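Before any comments, here is the structure.
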Amino acid sequence: MKAVEFLTVEERQKLLAGTGTQEQEQRKTSMPALLAEMEALDIAGRPEFFNKKVLPEFAYINPVNRDVAITAVAKLLKPCGVTLQAIRQMVKLSMPEDAGAEDAGGDGRKSQADVLIELAEAATLFHDDLGEPFAVVDVGGHGEVWPVKSKFFRRWLVGRFYATTGKAPNSDAISQAMGVVEAKACFDGPEHKLHLRVAEHGGAFWYDLADDQWRAVRITPDGWEVVDRPPVLFRRYKNTAPQVEPRRAKGGLPRLLDFVNLGSEENRVLLLVYAVTCLVPGIPHVIPPFHGEKGAAKSTSLRVLRRAVDPAHRELLTMPKEQNELALMLAHNYMPAFDNLDGLQSWQSDMLCCASTGGGISKRELYTDEDEVILSFLRCPTLNGINLVVSRPDLLDRSLLFGLDRINQADRRGEAEFWQAFEEARPGIVAGMFDALAGAMKIYPALKLSGLPRMADFCRWGTAVAEALGIGGQVFLDAYLRNIGKANEEAISANPVAAAVTSLMAERSLWRGTAAELLGELEKVAVDEKISTRARSWPQAANALTRRLRQIKSNLLDAGIAYSIARDSSNKSFIVIRKDSEKTSGISGISETQAGQGFQARRYSGDISGDVKTSGKPPGPEVYGGKYSGGTGDTGDIFPTLSEDEKNNFNAKSAGGDLNGVDDVPF
């Protein structure tokens, strides 16, 4: 059997010259006939026929038909031991220098890859802060942001090629073009930071409505407006769902409380403030773990919050058991809602802490040795479970605890009725959140607090939001500090060492001894108080005890217990534990069970300075109960920072029902 050999340059030119006088259309139509003739030959004669008759014709057919013909030839030459890859190489080497360089109209000037690259230039190419290529493409008169490597961008480019040429590009041309487009985005395009749901730009906060028109809401101290073409680039993922069109309505943000099962007034204040602070970009966000018995509407509460802040196609998520999966959920959801948890592993708790205050992970990219994928996030995760699933001190420090009671049968509503009512109220709730945030932005620059707790940004912004809502900054601070006290109690009770230390110091103000002596004392206390010493967090040796004490140091301090490690004259180390009676004494406005936070309350009391007037009045139904006091147009003191003229202007417009325009924002 004669082997298939490559044509020499002389042979190729001779064959091309011999067929050069034929018309192009005749060549195109002759390929099927040549293949049929080749198929009729015996196997031994096919290689020579391919070399002399079929191979020269590839220079005169378009790339799509060329691929089809190569596939057909490969089937005919397969019995000869010739592979598809070898045939492609032979065709490539036998082509004239300008062969295959045909444009969309087939005039022999541009390849499909070149046409695709030119079409891609209609998009704005750039790369993000991690160096990944992106494009802003025009779809229906608005710009959309998509990764260059995404299926959407690929489909958009292929669609433009077909609309321009009436033909489909082959896979090789697409791959070549995509490689060039990625390079242009990474090396020639500018760098832009991408945002998920919220952003800060040009002295304003921006909120992505995630609708089909890619609009966003611009929020400033003067009010808010919907912008058709925002200057901020938002990233959207598959789970990102559109927000409703915000529209001011009577009741506004306080209507949110009609759909969340909160019994205490303090929790109602904290929930309203928390919802608004979720819209503040670039700050650490507290994590609200909802807990309560079955039938307390824990899952419904998370769904309500998610629809108000970060609508999603899949609202409730299951906590994954693998680190990379959890990181992906946090990166792709602004308010990931983890439902029906029974507990948290230590790595899950640590990653939620990163999501609260900002963090991320780096992992190796698939099928590579050195390339890595970085997932970063600063999110507003929410949790729920029958029991309080947060137990580690570092996560409790970032938590805002909400306990829910079982709903009475008489108060229950059907699922369809409940969500219909919520969807009717949602446009007003969302608009109310924007109103409150705009008011808080006006208050925030002049607001000064001292003695801030760990989540200082939430505390300060929360005070500004409470003032804007008319609740009063001091009311919010008192409620938040008591909630911190509850979280600290949970941290101590969940940690066996902390629980044993507090029991040890219950009847004394000073203890001194070595680490071994302290471990012995704590083991005796554990027996008396029924504290398990088999827990993994219980130290089995004296040197491990000091590490455990460092982990709970801040919680013990908040409970009024301080410890220190010193050395005596013989250089022997010992531990000194002291109890501060002032920190555990009763403080006005804070219960005895949360007295460990009293020192913080004293620092805050009356210490809101600047041009902001702190009302300090307790929240009433006229502010956040879903109803305003007085008759039509009477907003009470919901805008305490407004001038009388601004209030009168707002009341007049409210009475006339003219509250839908952007210019009607009263602050």
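The values are calculated or read from the model by the stated rules, or taken from the named source; none is laboratory data. Worth saying up front: this structure is predicted, and the values here are computed from it rather than measured. When we count neighbours, we look across all protein chains shown, and the Cβ atoms used for this are built from the backbone with ideal geometry, even at glycine.
A few remarks follow.
- Test: residue in region 328-337 that is in contact with a strand residue (DSSP E or B) (Cβ under 9 Å, 6 or more places away or on another chain), hydroxyl-bearing (Ser, Thr, Tyr) and under 17 Å from Ser356 (Cα atoms): yes
- Residues satisfying the stated conditions in region 58-78, i.e. of a type outside the set (Gly, Ala, Ser) and either at pLDDT below 85 or farther than 21 Å from Ala40 by Cα (or both): Phe58, Tyr60, Ile61, Asn62, Pro63, Val64, Asn65, Arg66, Asp67, Val68
- Residue satisfying all of: in region 378-403; aliphatic (A, V, I, L, M) and in contact with a Ser or Thr (Cβ under 7 Å, 6 or more places away or on another chain); nearest to Gly360 (Cα to Cα) among these: Leu395
- Within this structure, Asp394 fails the test of being at pLDDT 95 or above and either among the acidic types (Asp, Glu) or more than 23 Å from the chain's Cα centre (by Cα) (or both).
Okay, residues lined up against (1) part of a loop (DSSP other than H, G, I, E, B); (2) surrounded by 24 or more Cβ atoms within 10 Å (Cβ to Cβ); (3) touching a residue at least 12 places away in the same chain (Cβ under 8 Å); (4) not β-branched (Val, Ile, Thr):
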site: Leu257; (1), (2), (3), (4): no, no, yes, yes
site: Gly263; (1), (2), (3), (4): yes, no, yes, yes
site: Val276; (1), (2), (3), (4): no, yes, yes, no
site: Pro284; (1), (2), (3), (4): yes, no, yes, yes
site: Phe290; (1), (2), (3), (4): no, yes, yes, yes
site: Ser301; (1), (2), (3), (4): no, no, yes, yes
site: Arg307; (1), (2), (3), (4): no, no, yes, yes
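- Residue among Val276, Val227, Val269 that is modelled with pLDDT of 95 or more, assigned by TED's automatic domain parsing to the domain that holds Phe290, within 25 Å of the chain's Cα centre (by Cα) and of a type in the set (A, V, I, L, M, F, W, C): Val276
Quick grid of which residues meet (1) closer than 19 Å to Ala559 by Cβ; (2) hydroxyl-bearing (Ser, Thr, Tyr); (3) free of Cβ contacts under 8 Å to residues at least 24 places away in the same chain; (4) not assigned by TED's automatic domain parsing to the domain that holds Leu395:
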residue: Ala456; (1), (2), (3), (4): no, no, yes, yes
residue: Val465; (1), (2), (3), (4): no, no, no, yes
residue: Tyr480; (1), (2), (3), (4): yes, yes, no, yes
residue: Ala491; (1), (2), (3), (4): yes, no, no, yes
residue: Ala494; (1), (2), (3), (4): yes, no, no, yes
residue: Thr502; (1), (2), (3), (4): yes, yes, no, yes
residue: Met505; (1), (2), (3), (4): yes, no, no, yes
residue: Leu518; (1), (2), (3), (4): yes, no, no, yes
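- Top-ranked residue in region 141-183 [being touching a residue at least 60 places away in the same chain (Cβ under 8 Å) and farther than 20 Å from Val115 by Cβ; ranked as farthest from the chain's Cα centre (by Cα)]: His142
- Any hit, region 159-182, residues being on the phi > 0 side of the Ramachandran plot and either of a type in the set (A, V, I, L, M, F, W, C) or not assigned by TED's automatic domain parsing to the domain that holds Arg379 (or both): yes
- Test result for Ile219, part of a loop (DSSP other than H, G, I, E, B) and among the hydrophobic types (A, V, I, L, M, F, W, C): no
- Test: residue in region 228-238 that is within 28 Å of Glu423 (Cα to Cα), assigned to a strand (DSSP E or B) and of a type in the set (Ser, Thr, Tyr): no
- Checked against (1) part of a helix (DSSP H, G or I); (2) in contact with a Lys or Arg (Cβ under 6 Å, 6 or more places away or on another chain), Asp172 passes all but condition (2).
The rows are residues; the columns are (1) at pLDDT 90 or above; (2) surrounded by fewer than 16 Cβ atoms within 10 Å (Cβ to Cβ); (3) among the hydrophobic types (A, V, I, L, M, F, W, C).
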residue	(1), (2), (3)
Leu518	yes, no, yes
Arg534	no, yes, no
Pro539	yes, no, no
Ala544	no, yes, yes
Arg550	no, yes, no
Leu557	no, no, yes
Asp568	no, yes, no
Lys579	no, no, no
Gly586	no, yes, no
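- The listed residues are Val82, Val73, Val91, and the only one of them that is touching a residue at least 12 places away in the same chain (Cβ under 8 Å) and within 14 Å of Asp172 (Cβ to Cβ) turns out to be Val91.
- Between Glu467, Glu423, Glu490, the distinction of being under 29 Å from the mean Cα position of the chain (by Cα) and within 21 Å of Trp224 (Cα to Cα) belongs to Glu467 only.
- Single condition Gly251 does not satisfy, out of (1) within 28 Å of Gln409 (Cβ to Cβ); (2) not in a loop (DSSP other than H, G, I, E, B): (2)
- Filter result for Ala446 (of a type in the set (A, V, I, L, M) and in the same structural domain as Ser399 (by TED's automatic domain parsing)): no
- Helices (runs of 4 or more DSSP H) wholly inside region 503-577 containing at least 3 residues that are touching a Leu at 6+ places or on another chain (Cβ under 6 Å) and more than 22 Å from Asp394 (Cβ to Cβ): 515-528
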